[in-house]
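This is the structure, below, for whatever I ask next.
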Amino acid sequence: MNVVAPFEGIGASVRRKEDFRFIQGRGAYTDDFNRQGQLHAWIVRSPHAHARIKGVDTSAAAKMPGVVAVFTGADMAKDNLGGLPCGWQIHNKDGSPMAEPPHPVLAVDKVRHVGDPVAVAIAATREQARDAAEAIAVDYEVLPAAATMADALKPGAPVIHDGVANNLCYDWHIGDKAVLDQAFAGAAKVVSLDLVNNRLIPNAMEPRAALGEFDRTTGDYTLTTTSQNPHVIRLLMGANVLHIPESKLRVVAPDVGGGFGSKIYHYAEEAIVTWSAGKLARPVKWTADRSESFMSDAHGRDHVSKAELALDANGKFLGLRVHTYANMGAYLSTFAPCVPTYLYATLLAGVYTTPVIYCEVKAVFTNTVPVDAYRGAGRPEATFLLERLMDVAAKETGIDRVDLRRRNFIPTDAFPYQTPVALQYDSGNYHATLDQALQSADWAGFEARRAEAAKRGKLRGIGCSTYLEACGIAPSAVVGSLGARAGLYEVGTIRVHPTGSVTVLTGSHSHGQGHETTFAQLVADRLGVPVAQVDVVHGDTAKVPFGMGTYGSRSLAVGGSAMVKAMDKIIAKGKRIAAHLMEASVDDIEFDRGTFRVAGTDRTKALVDISVAAYVPHNYPIDELEPGLEETAFYDPKNFTYPGGCHIAEVEIDPETGQVSVANFTAVDDVGRVINPMIVEGQVQGGVAQGIGQALLEACVYDADGQLLSGSMMDYTMPRADDLPPVSVATHTTLCTHNPLGVKGCGEVGAIGSPPAVINAVVDALRDFNVRSLDMPATPAKIWQIINGGRRMAAE
Amino acid sequence: MPQVTLTVNGQTHTAEVEGRTLLVELLREKLRLTGTHVGCDTSQCGACVVHINGESVKSCTTLAVMADGANVTTIEGLAKPDGTLHPMQEAFREYHALQCGFCTPGMVMSAIDLVQKNPQGLTEQEIREGLEGNLCRCTGYHNIVKAIAAAADVMHGKRSEIARAAE
């Protein structure tokens with residue numbers, strides 16, 4: 001009997017390899033590691049949003065039980081440590097560089113946000129370190145704080161950084177203002193909308209942690225950390241902060257419990273434990289309390305915008321003008337400056353043929369936690385603005401909201417399509433994803449459901465968004481010209497072992513995305529090696545040659561492409577070995593999923609025959625070919641990828657309480673070729689959950705003094721199982737034309753497409769109350785006020 | 001320092017703890033059972049859920065001394081000694097009910113207790129409400145709900161093995 005192996009290649013929902021350890025409690029997250037002689041660090045953080053440090057008295061703390069050391073910013077300054085670097089430089093309208101104030105690892109003379117680290121206590125146990133930290137007396141002179149962008153920009157506002165006028169980081173723009181003004185002058189209709197994109201706190205379930213080690217014999221440092229990109233941390237921390245060469249610094253990011261962007265950045269605590277480990281020649285571990293995460297993990301979003309859309313009499317868009325204020329927080333986090341510029345303003349064409357776009361972005365320092373990329377990073381902000389504007393424009397022109405979108409879609413035959421804001425889209429079919437979503441959500445049958453809900457006393461609404469985003473930020477030369485201080489390629493190594501199993505080394509990092517399975521499927525598909533015999537190694541600078549990590553849904557489009565390139569080198573070398581073994585010309589060798597064949601014959605060699613010959617080169621073309629079967633490739637993409645699609649939300653509001661519940665949610669996404677449909681569906685569902693969270697539940701709130709009011713999971717509303725609907729997920733594929741897999745990326749589409757779909761549905765449900773602008777989150781209090789305010793006005 | 005004696009996953013341990021030591025700290029730091037996680041400090045996230053005498057409990061909100069004499073089961077103790085997974089573990093994998101895996105131990109332990117306490121079966125809504133005390137940031141919960149329903153069928157003897165997820 002022939003046993004047919006299950007298909008495990010591209011397109012198969014292979015169950016995840018990594019799950020075996022996670023479901024048995026055998027995952028190895030940073031805080032799970034404990035070393036011989038390990039000490040524990042506890043960070044003293046500022047309780048004030050803005051204050052001058054007049055003195056730090058560590059004498060009492062130093063005498064506490066178990067305490068080994070107490071360090072302050074002054075101690076770090078003595079070692080000439082650098083500050084935390086920023087990885088992207090934006091230039092102002094006038095060509096001058098953005099303001100880039102120093103970001104000390106431990107605050108030296110001033111604190112600039114609640115949670116700003118001031119000192120560290122290091123002791124034998126975590127409790128002792130915490131007790132000691134509480135005994136460190138910091139003498140603060142409290143200064144007036146600028147908690148909001150409006151406060152920071154007011155004349156006479158507190159100066160957060162010396163030398164940064166008006167607390168303005170940069171004043172940047174894109175597009176031709178004069179041409180845009182002409183377009184507006186000829187418009188039949190101009191629709192404008194003010195929007196706030198609410199500030200979010202990422203809240204990956206694993207709090208950040210870092211473990212520093214120093215080897216006195218070799219002088220080598222090791223940092224184990226909750227990072228999405230260990231090589232980037234090695235580069236930033238080694239070169240900029242601690243001045244340790246790469247050869248003496250290993251960074252390990254083991255199992256990481258979710259990131260969503262918040263674990264991209266180089267954080268102070270990583271430098272603190274690594275430096276302290278060297279000073280004390282003992283391992284030093286720090287693990288955040290959730291309360292610390294709230295006030296020290298980079299936050300997301302936080303835009304205030306005004307958008308104006310010019311239309312002709314037929315509803316065709318003539319131009320788009322956008323003014324945005326983007327909150328940077330107190331310091332520049334690693335990639336913060338590029339989020340509201342090259343990941344936001346360049347997305348303002350969306351799926352539409354708007355011929356002229358002008359966008360001005362002012363980035364503002366405030367006395368709040370630094371803000372950086374959070375799932376979607378700039379594209380959710382652009383999408384929310386556009387897709388809310390679509391619904392308002394539809395209402396004000398009297399054109400059906402779906403029809404208005406269709407009239408302005410980039411035609412399916414117009415690719416490659418050059419937008420007026422720098423990007424060139426390679427592929428897409430926006431009509432197809434819209435049609436499929438409308439059908440799947442039974443858009444046409446909605447009014448009957450609205451009427452049925454009304455009989456139950458409920459307000460039902462439906463809303464859609466037709467979104468586009470950009471993944472796999474690239475190419476390196478282009479992003480370099482736009483201010484990136486890093487390349488954005490990825491690295492993949494394919495190591496075929498003598499007996500035919502394969503190790504894949506990737507510079508991408510998996511913190512929930514299932515790379516160990518998806519990447520193994522790429523190998524199964526191309527080399528014919530069973531998934532069980534493919535091991536994917538990531539997250540260790542000592543094992544993986546190099547890498548840029550995982551963010552912006554780049555792992556498959558960029559990292560996977562690097563693997564394909566490396567596999568192609570393996571196949572090319574394998575063909576030469578096979579030609580030798582079968583005494584044929586290399587030109588006559590064909591390869592298909594694990595088998596080398598002399599074309600047109602039944603003479604074959606399996607991959608394992610080739611790998612054995614490569615490592616035991618007794619019968620081998622040794623004069624012309626090196627032994628071994630391992631190849632590395634660097635892949636630098638030619639362009640971004642452009643996933644897009646349509647999300648439809650159907651909501652029901654209880655007018656008595658203002659509570660919004662999502663009744664149905666439909667996502668139809670074009671993420672390019674799908675490798676593992678199960679994993680893609682999971683990524684979309686998770687993204688949609690975060691998008692619904694943004695739309696209905698989540699808000700980071702500071703008071704006027706800069707105190708974080710939403711500083712715990714009792715105050716910040718995380719979506720729970722009963723807050724969310726079942727989400728219907730489907731894909732409609734057009735292939736990416738410029739990477740070898742045809743893939744686009746699926747990690748962020750859910751969080752990008754969903755918020756405007758939900759808010760458009762809420763506004764539709766409230767159609768009797770004349771709602772034009774509705775800021776997220778649409779909490780019961782907000783909705784109740786709209787309903788009751790409206791009723792009161794009607795009564796008056 | 002107080003001494004506690006407790007049975008964890010069938011093994012008896014005696015340990016000296018501080019009065020303030022939490023059960024999760026005892027499990028993670030002293031017994032090196034790092035499958036139980038700490039995701040918050042306000043008893044909201046449920047990553048730390050274990051079973052004490054068969055009941056799901058947040059071990060971050062339980063003092064170690066309160067578990068003196070108790071029988072504790074953690075995620076590490078669910079599979080049979082021969083490696084056979086608990087149906088809930090199997091269902092989580094089959095239904096892709098985990099991504100980063102950090103909430104998974106607590107989610108699985110809560111889910112088992114939820115199913116055991118409801119031999120009559122659970123609707124989807126009841127499962128969602130039963131997960132009130134557990135946060136997941138990755139999955140959106142949809143697949144967790146499906147996995148729990150599938151595991152419940154096996155735990156209550158309605159099926160002999162976990163139903164395959166739809167492709």
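The values are calculated or read from the model by the stated rules, or taken from the named source; none is laboratory data. Treat the numbers as computed from the prediction; the structure is a model and nothing was measured. All Cβ positions, glycine included, derive from the backbone under ideal geometry; neighbour counts span all protein chains shown. With ligands, DNA and RNA removed, areas are computed over all heavy atoms of the protein, side chains included. Shrake-Rupley method; radii C 1.70, N 1.55, O 1.52, S 1.80 Å.
Could you tell me what fraction of 2.2 N^0.38 Å the Cα radius of gyration of the stretch B:87-155 comes to, as a two-decimal ratio?
So the stretch B:87-155 has a normalised radius of gyration of 0.95.
Please sort B:41-51, B:136-146 by packing, taking for each peptide the average over its residues of neighbouring beta carbons within 10 angstrom, highest first.
Averaged packing, sorted descending, gives the order B:136-146, B:41-51.
Send over the per residue convex hull volume for chain B, Cα only, as a whole number of Å³.
Enclosed volume per residue, from the Cα hull, is 112 Å³.
To continue, here is another question. Just need the relative contact order of the stretch A:489-635 here, percent rounded to a whole number, with Cα pairs under 8 Å and 6+ apart.
32 percent
In deg cm²/dmol and to the nearest 500, what is the mean residue ellipticity at 222 nm of the protein assembly as shown if only DSSP H runs of at least 4 residues count, each as -39500 (n - 2.57), divided by the residue total?
Values: 24 runs with 252 residues, N = 963.
Helix-only estimate at 222 nm: -8000 deg cm²/dmol.
For chain A, divide the Cα radius of gyration by the Kirkwood radius and give the resulting Rg/Rh value with two decimals.
Dividing the radius of gyration by the Kirkwood radius yields 0.99.
Across bins of 5 angstrom width beginning at 0, how are the C-alpha pair distances of the stretch A:112-192 distributed, in whole percent?
Percent of Cα pairs in each bin: 3, 10, 12, 11, 9, 10, 11, 10, 7, 4, 3, 4, 4, 2, 0.
Averaged over A:734-747, how many beta carbons belonging to a partner chain fall within 10 Å of each residue's beta carbon?
0
Ranked highest first by average number of other Cβ atoms within 10 Å, how do A:763-775, A:660-672 line up? Could the numbers behind the result be given before it?
Values: A:763-775: 17.2, A:660-672: 25.3.
Highest mean packing first, the order is A:660-672, A:763-775.
While we're here: Which value, in square angstrom to the nearest 100, describes the accessible area buried between chains B and A on both sides, using a 1.4 angstrom probe?
Buried area between the two chains comes out at roughly 4600 Å².
Also: State, as an integer percentage, the relative contact order of the stretch A:668-780 based on alpha-carbon contacts under 8 Å between residues 6 or more apart.
Averaging sequence separation for qualifying contacts and normalising by length gives 45 percent for the stretch A:668-780.
Where only protein heavy atoms count, and the probe is 1.4 Å, what is the accessible area per residue for chain A in Å²?
Result: 34 Å² per residue.
Can I get the semi-axes of the stretch B:3-77's equivalent ellipsoid? Compute them from the C-alpha gyration tensor as square roots of 5 times the eigenvalues, in angstrom, largest first. Walk me through the intermediate numbers first.
On the way: eigenvalues 57, 37, 24 Å².
Values for the stretch B:3-77, descending: 17, 14, 11 Å.
Oh, and also: From the P(r) of the stretch A:703-756, could you give the percentage of C-alpha pairs in the tail past 13 Å?
Every Cα pair in the stretch A:703-756 considered, those over 13 Å come to 78 percent.
Report the rotationally averaged projected area of the stretch A:489-635 based on its alpha-carbon convex hull, in square nanometres.
8.7 nm²
Could I ask something else about it? Over all directions, what mean area does the Cα convex hull of the stretch A:394-434 project, stated in square nanometres?
3.5 nm²
For the stretch B:85-167, what % of the accessible area comes from carbon and sulfur atoms, probe 1.4 Å?
Accessible surface attributable to carbon and sulfur in the stretch B:85-167 totals 47 percent.
If you don't mind, there's one more thing I want to ask. Could you tell me which of the pairs A:LYS279/A:LYS543; A:LYS177/A:LYS638; A:LYS177/A:LYS565; A:LYS17/A:LYS575; A:LYS189/A:LYS638 are separated by over 32 angstrom between their Cα atoms in the structure shown?
On the way: A:LYS279/A:LYS543 26 Å; A:LYS177/A:LYS638 29 Å; A:LYS177/A:LYS565 43 Å; A:LYS17/A:LYS575 30 Å; A:LYS189/A:LYS638 39 Å.
Over 32 Å Cα-Cα: A:LYS177/A:LYS565; A:LYS189/A:LYS638.
Can you give the average number of partner chain beta-carbon atoms within 10 Å of each beta-carbon in peptide A:13-23, as a whole number?
Neighbouring Cβ atoms belonging to other protein chains average 6 per residue here.
Can you tell me which of B:THR62, B:THR84, B:THR74 moves the most in a GNM of chain B? Springs connect C-alpha atoms under 10 Å apart.
Evaluated over chain B, the most mobile residue of the options is B:THR84.
Counting pairs of alpha carbon atoms under 8 Å apart in space and at least six apart in sequence, what relative contact order in percent does the stretch B:87-155 give?
Here the relative contact order equals 54 percent.
Could you work out the mean count of beta carbons from other protein chains within 10 Å of each residue's beta carbon in A:25-37? Intermediate results must be reported in sequence, preceding the final value.
On the way: counts 18, 6, 10, 1, 5, 0, 4, 6, 1, 4, 0, 0, 0.
Mean partner shielding for this stretch: 4.
Something else about it: For A:LYS605, give me every one of the aspartates and glutamates with a C-alpha distance below 18 angstrom, ignoring sequence neighbours fewer than eight places off in its own chain.
Qualifying aspartates and glutamates at Cα under 18 Å: A:ASP525, A:ASP568, A:GLU583, A:ASP587, A:ASP588, A:GLU590, A:ASP592.
Further, regarding this structure: Going highest first, how would you order A:490-499, A:257-266, A:432-441 by mean Cβ packing within 10 Å?
Sorting A:490-499, A:257-266, A:432-441 by mean packing, highest first, produces A:257-266, A:490-499, A:432-441.
Estimate the FRET efficiency between A:SER501 and A:THR595 by the formula 1/(1 + (r/R0)^6), using the beta-carbon distance for r and 25 Å for R0, to the nearest 0.05.
Working: r = 17 Å, r/R0 = 0.68.
Efficiency for this residue pair is about 0.90.
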